Amino acid sequence: MVRTTGKILHRLAIELVLPLALFGLLLAVSANSTNFYFPPLARVLERFDALWLGPRFVTDVLPSLGRLIAGYAIACLAGVVIGVPLGMFAALRRAAEPVLEFFRAIPPPALIPVLVMLAGFGDTMKVAVIVTGAIWPILLNTVEGVKGADSVLDETCRTYQIRGMSRLWNFVLPSASPQIVVGMRVGLSIGIILMVISEMFAATTGLGAAIIVFQRSFEIPEMWSGVLMLGLFGFALSVVFRLFERRALKWYYGMRDLERRS
Amino acid sequence: MAMNAVAVVSVSHLNKVYQSRERRVEAIGDLTFDVAAGDFTCIVGPSGAGKTTLLKCLSGLLAPTSGAILVNGHAVVGPPAEMAVVFQEYGRSLFPWKTVRENIELPLREKKIARTERARLVDEALEAVALTGVAGSYPWQLSGGMQQRVAIARAVAYQPKVMVLDEPFAAVDAQTRADLEDLMLRLWSELDLTVIFVTHDIDEAVYLGQRVLVLSSSPTRVLDDVPIDIAGPRSQATTRVEPRFAELRTRVYRGIQQAKASVHG
Ligand SMILES: Nc1ncnc2c1ncn2[C@@H]1O[C@H](COP(=O)(O)OP(=O)(O)OP(=O)(O)O)[C@@H](O)[C@H]1O
Ligand SMILES: [Mg+2]
């Protein structure tokens, strides 16, 4: 226990060296900047403190987060629910493939005008944009993961009469889970991108909207602070995702680490 | 013993052809044999003889091209509930996301066995294969021999009438293999089991079996059916040096040689 905590601290220290160095460098280099578009980092930080750690956390960050979580959750659920039968049945897969390929080829931002028409400028539209983009890696990875299930395990299920829902829970989903999680990780970054784009397109609240508003009114340090906030937002989410991943796939990482060591 | 006992597994004129667009492989030509209740039957044959194909047909995983298979008097159309299969690829037959206990317990949950009874069966099975200490471990944390014992424990806890094993010890070291062989013999004598054991190892077949079926190379037929009349309990130290063991071994060996020769000739 003590040793693992020590190891984590050690790793954290190594991982922090470069960001801190870059941060210090930028702080020093930009200190005397008179360029209107690249204000001193210290000013950006000052605005960051005033804006994002203040009222805007509630009025912009939380709405963004809410939309992202809603859209991402729907994408995860739908991706897995649609992906599993496609992975299990080749005939279904063959029938669905052309349609899937077509929809996947459409860049989700191109759907924003369509979705605005259908769902207006509200949250529904933004959530829908996130879903249309984030679902693909999750769905396709689910299909691949389910398809790639081990044939010996499949025969084991058959001989021990493990069928239906039990087979799904005990065999199909766990065996596809490492690949599903890969899809979810990609889906999350796509989701964040689309969250920002949809907010820039049409919104009064949210991180994307705030950055655009600052830019249009030439509040450059504020704009940069928004970019910084967005970066931290994405970083925090990826840390949370990594924790989830480590926990949900404990068996997988355990097995992989063991294989690597031997 | 095999003469008057009831046939638990009955194979008649089994034929299996793998047909794909490019190739047609007649893996099993014409196989007919019965396995009596409580018998320990070993099946040997050269590599590619269709042994795995035969077991897959027996266990309902593959449909025969023609012929009939009866288990307990019922035609096999899917995996029979009273049969447990131990695969050669033991590493791939255990669920890596489940602990040893969960692996053994899952088929029992499917059989709707109550929780306390399940726990008892799992504990007994683990004890039978001398693995009580690792119930909470994951299969991939165990050695190959231990993994195969978990697979056997799962089959034992399932309480099958027939246990079918496909070259189960082919990939473990010699000492572990000897231990596992004796484990199989002990389980067979203690439990009310009919065992069908496929191996390519002649010594193993003669050491374990009450009877050895020698298969020809594909298209497979039964070349020889050798009753193993070695009296008394088997022991690694003494059985293998008995004269009768050597005679039987030679007979099976000649059969296999003949099977191989027929391929080249
Ligand atoms: N799925 C398949 N499709 C086509 N041919 C197959 C298939 N499985 C096995 N065969 C062929 O059938 C024959 C018998 O194969 P099988 O695996 O049953 O032999 P085996 O006796 O188990 O061999 P080994 O001792 O090497 O395990 C071989 O010629 C093999 O190439
Ligand atoms: Mg085989």
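Any residue in region B:244-253 that is in contact (Cβ under 8 Å) with a residue 60 or more places away in the chain, of a type outside the set (Lys, Arg) and touching an Asp or Glu at 6+ places or on another chain (Cβ under 8 Å)? For region B:244-253, residues in contact (Cβ under 8 Å) with a residue 60 or more places away in the chain, of a type outside the set (Lys, Arg) and touching an Asp or Glu at 6+ places or on another chain (Cβ under 8 Å): present. For B:Glu26, the test of being of a type in the set (D, E, K, R), in a loop (DSSP other than H, G, I, E, B) and either open to solvent by 10 Å² or more (accessible area, probe 1.4 Å) or away from ligand 2 (no atom under 16 Å from the Cβ) (or both) is failed.
Residues of region A:146-165 that are open to solvent by 20 Å² or more (accessible area, probe 1.4 Å), more than 30 Å from the chain's Cα centre (by Cα) and within 9 Å of chain B (Cβ to nearest Cβ): A:Ser151, A:Glu155, A:Arg158, A:Gln161, A:Arg163.
A:Ser217 - would you say it is within 25 Å of the chain's Cα centre (by Cα), of a type in the set (Gly, Ala, Ser) and open to solvent by 20 Å² or more (accessible area, probe 1.4 Å)?
It is false that A:Ser217 is within 25 Å of the chain's Cα centre (by Cα), of a type in the set (Gly, Ala, Ser) and open to solvent by 20 Å² or more (accessible area, probe 1.4 Å).
Within region A:105-125, the residues that satisfy the criterion of being surrounded by 16 or more Cβ atoms within 10 Å (Cβ to Cβ) and either out of contact with any Gly (no Cβ under 7 Å at 6 or more places or on another chain) or under 30 Å from B:Arg92 (Cα atoms) (or both) are A:Pro109, A:Leu111, A:Ile112, A:Leu115, A:Val116, A:Asp123, A:Met125. Filtering region B:67-93 to residues that are open to solvent by less than 50 Å² (accessible area, probe 1.4 Å), more than 8 Å from chain A (Cβ to nearest Cβ) and part of a loop (DSSP other than H, G, I, E, B) leaves B:Val76, B:Pro80, B:Glu82. Please verify whether B:Pro219 is under 18 Å from B:Thr52 (Cβ atoms), surrounded by fewer than 20 Cβ atoms within 10 Å (Cβ to Cβ) and in contact (Cβ under 8 Å) with a residue 40 or more places away in the chain, treating the condition exactly as stated. Answer is yes for this residue.
A:Arg260: surrounded by fewer than 19 Cβ atoms within 10 Å (Cβ to Cβ), closer than 18 Å to A:Met88 by Cα, within 14 Å of chain B (Cβ to nearest Cβ) and out of contact with any Ser or Thr (no Cβ under 8 Å at 6 or more places or on another chain), yes or no? Judged against the criteria, A:Arg260 is not a match. Quick check, is B:Ser59 polar (S, T, N, Q), open to solvent by less than 10 Å² (accessible area, probe 1.4 Å) and either modelled with pLDDT under 95 or touching a strand residue (DSSP E or B) at 6+ places or on another chain (Cβ under 6 Å) (or both)? For B:Ser59, the condition - polar (S, T, N, Q), open to solvent by less than 10 Å² (accessible area, probe 1.4 Å) and either modelled with pLDDT under 95 or touching a strand residue (DSSP E or B) at 6+ places or on another chain (Cβ under 6 Å) (or both) - is met. Quick check: anything in region B:189-201 surrounded by 20 or more Cβ atoms within 10 Å (Cβ to Cβ), assigned to a loop (DSSP other than H, G, I, E, B) and away from ligand 2 (no atom under 16 Å from the Cβ)? Yes: region B:189-201 contains one or more residues that are surrounded by 20 or more Cβ atoms within 10 Å (Cβ to Cβ), assigned to a loop (DSSP other than H, G, I, E, B) and away from ligand 2 (no atom under 16 Å from the Cβ). What number of residues within region B:94-129 satisfy the criterion of being outside any loop (DSSP other than H, G, I, E, B) and more than 7 Å from chain A (Cβ to nearest Cβ)? Matching residues across region B:94-129 total 22. Take A:Ile138 and decide whether it is within 30 Å of A:Ala202 (Cβ to Cβ), open to solvent by less than 30 Å² (accessible area, probe 1.4 Å), β-branched (Val, Ile, Thr) and touching a Lys or Arg at 6+ places or on another chain (Cβ under 8 Å). No; evaluated as a whole, the condition is false for this residue.
Residues of region B:29-45 include at least one that is of a type outside the set (Lys, Arg), over 30 Å from B:Arg186 (Cα atoms) and open to solvent by 10 Å² or more (accessible area, probe 1.4 Å). Filtering B:Leu213, B:Leu180 for residues that are within 16 Å of ligand 1 (Cβ to nearest atom) and either within 20 Å of B:Val85 (Cβ to Cβ) or modelled with pLDDT under 90 (or both) leaves a single hit, B:Leu213.
Considering region B:44-66 alone, what residues qualify as being in contact with a Leu (Cβ under 6 Å, 6 or more places away or on another chain) and within 11 Å of chain A (Cβ to nearest Cβ)? Across region B:44-66, the qualifying residue is only B:Lys56.
The values are calculated or read from the model by the stated rules, or taken from the named source; none is laboratory data. Quick caveat: nothing in here was measured; it's all calculated off a predicted structure. All Cβ positions, glycine included, derive from the backbone under ideal geometry; neighbour counts span all protein chains shown. Heavy atoms of the whole protein, side chains included, go into the accessibility calculation; ligands, DNA and RNA do not. Shrake-Rupley method; radii C 1.70, N 1.55, O 1.52, S 1.80 Å.
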